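Data block below; observations after.
Just so it is clear, none of the values below were taken in a lab; they were calculated from the coordinates. Model, not experiment: these values are computed from the prediction. Cβ sites come from the backbone with ideal geometry, for glycine too, and all protein chains shown count toward neighbours.
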Amino acid sequence: MIQSLRLPKWVLTGFTSMALVVALLFTPFLHKAEASTSWGQEVTAVAKRYVGTPFKWAGATPTGFDASGYTQYIFYKSAAKLKLPHSSKDQYKLGKSVVKGNLKEGDLVFFNTNGKDISFVGIYLGNNKFIAATSKGVSIQSLTLKYWKDRYVGAKRVLTE
């Protein structure tokens with residue numbers, strides 16, 4: 001027959017408390033380090049939530065976006081909390097110029113779609129893709145498509161890492 005050992009409550013409470021303290025002290029060392037999310041990744045994750053949102057002239061809300069209203073909304077609603085003007089031309093005046101070969105997630109990419117000046121903006125996703133509010137709604141586009149390649153003006157980095 002097995003006999004059970006009875007310990008006073010204070011001993012059990014002490015052992016339990018000590019075990020908890022040890023566990024809390026050493027838990028951070030037992031987990032593998034996780035890669036942190038960059039501002040650019042955060043912005044693009046938020047941007048992708050709105051794929052399919054309809055186009056609306058001068059729109060800057062999820063009921064409908066135009067190109068610069070979309071980038072303005074995304075950058076402010078993401079963890080970046082960055083306030084951009086509601087104009088592609090004015091957004092192009094911000095940040096640091098980036099050559100096409102050095103684009104990072106979250107960079108703004110600009111285009112001349114009206115034949116005069118900067119008139120369209122999107123958010124670079126990586127792998128030659130960007131997301132923008134086009135006349136058909138928010139969608140992912142490729143910088144390698146002839147339409148965008150012919151109208152590409154430049155890119156700006158407005159996020160700081």
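Among the lysines, select those whose C-alpha is under 17 Å from the C-alpha of K129, and discard any that sit fewer than 8 residues away in the same chain.
K48, K100, K104, K146, K149, K156
Is the shape of the range 79-161 rounded, prolate or oblate, going by the alpha carbon gyration tensor and its root eigenvalues a ≥ b ≥ c, with a/c under 1.5 for rounded and a/b larger than b/c for prolate?
Working: a/c = 1.38, a/b = 1.21, b/c = 1.14.
The shape class here is rounded.
So what's Rg/Rh here for the range 38-80, counting alpha carbon atoms and using the Kirkwood radius for Rh? Walk me through the numbers on the way to the answer.
Numbers: Rg = 9.9 Å, Rh = 10.2 Å.
Value, to two decimals: 0.97.
Rank by packing, highest mean first: peptides 56-65, 42-51, with packing defined as the count of other Cβ atoms within 10 Å averaged across residues. Please list the in-between numbers first.
Values: 56-65: 15.2, 42-51: 18.1.
Ranked from most to least packed, the peptides come out as 42-51, 56-65.
For a footprinting-style exposure proxy, rank V153, V99 by other Cβ within 10 Å, fewest first.
V99, V153
For a quick protection proxy, order the peptides 127-140, 102-115 by their average other-Cβ count within 10 Å, most packed first. Mind dumping the intermediate values first?
Values: 127-140: 17.6, 102-115: 19.3.
Highest-to-lowest ranking by the protection proxy: 102-115, 127-140.
How much length is gained if the chain between Y76 and N114 is pulled fully straight, taking 0.36 nm per residue apart and subtracting their Cα-Cα distance, in nm to one decimal?
Length difference between fully extended and current span is 11.0 nm.
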